[in-house]
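Reviewing the structure listed below.
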Amino acid sequence: MALSKLPDLNAGLRPCQDLGDYRCSSPPAGDLHRLSLLSEVRTEPLNVHRLFPGVLFFADDDNTYSLELFQEMRTTRKVSVWPVGLVGGRRYERPIVENGRVVGWYTGWRPDRPFAIDMAGFAVSLQVILSHPKAVFKRRGSQPGMQESDFLKQITTVEELEPKANNCTKVLVWHTRTEKVNLANEPKYHLDTVNIEV
């Protein structure tokens with residue numbers, strides 16, 4: 001981190017201690033970090049990112065990433081998306097893609113979400129972040145699991161999403177918490193139209 005000369009955005013931030021309890025009085029885990037990052041990017045004194053293209057990705061310490069994911073997201077023009085493994089009570093969740101466009105969601109949890117996607121399942125161009133200065137993650141008032149949708153609704157539409165990872169048929173990030181995997185929403189029989197290795 002010191003070599004990057006970027007500020008350490010983790011200093012002094014205290015997420016909710018009881019991460020499994022949505023009734024916790026603190027905002028969802030990671031919110032303060034994401035808000036700090038958005039603020040830092042938007043107020044960076046030299047505005048270096050205005051001169052060079054870049055992509056913002058909300059990495060998390062309980063995920064495992066393939067290096068290929070970072071190559072995939074480099075070409076993000078606005079908001080790119082891909083599958084996430086071991087999430088939502090399934091082996092994976094993913095955007096459903098037809099003719100190169102996202103048309104729906106293969107998900108085991110809350111399929112009614114406008115963007116039924118995990119935080120690890122998207123990246124945003126810095127130019128989009130800068131052109132939407134009021135787009136933030138809600139600290140209060142967002143329903144559990146709606147953080148991603150509430151944020152993405154402020155900056156894009158489903159029709160504008162850019163599918164990556166071989167049209168969202170390849171898992172390059174896994175929600176590998178240090179606990180037993182919950183596959184309660186995994187269908188008994190394979191229901192997706194593609195076969196994805198997890």
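Some observations on this one:
- Assigned charges on the beta-carbon of Lys, Arg, Asp, Glu; the stretch 152-198 dipole about Cα centre (debye): 200 debye
- Peptides 165-177, 87-99, ordered by how many other C-beta atoms sit within 10 Å of their residues on average, highest first, read 87-99, 165-177.
- Cross-link partners of LYS170 among lysines (Cα-Cα below 27 Å; sequence separation of 8 or more within a chain): LYS78, LYS153, LYS180, LYS188
- For the stretch 91-155, taking Cα atoms only, Rg and Dmax work out to 12.7, 37 Å respectively.
- Each peptide among 62-69, 186-193 gets the average number of other Cβ atoms lying within 10 Å of its residues, and from highest to lowest they stand as 62-69, 186-193.
Coordinate-derived values only; no laboratory data. Bear in mind the structure is a predicted one, so any value in this text is a computation, not a measurement. Every residue, glycine as well, gets a Cβ built from its backbone with ideal geometry; the counts of neighbours run over all protein chains shown.
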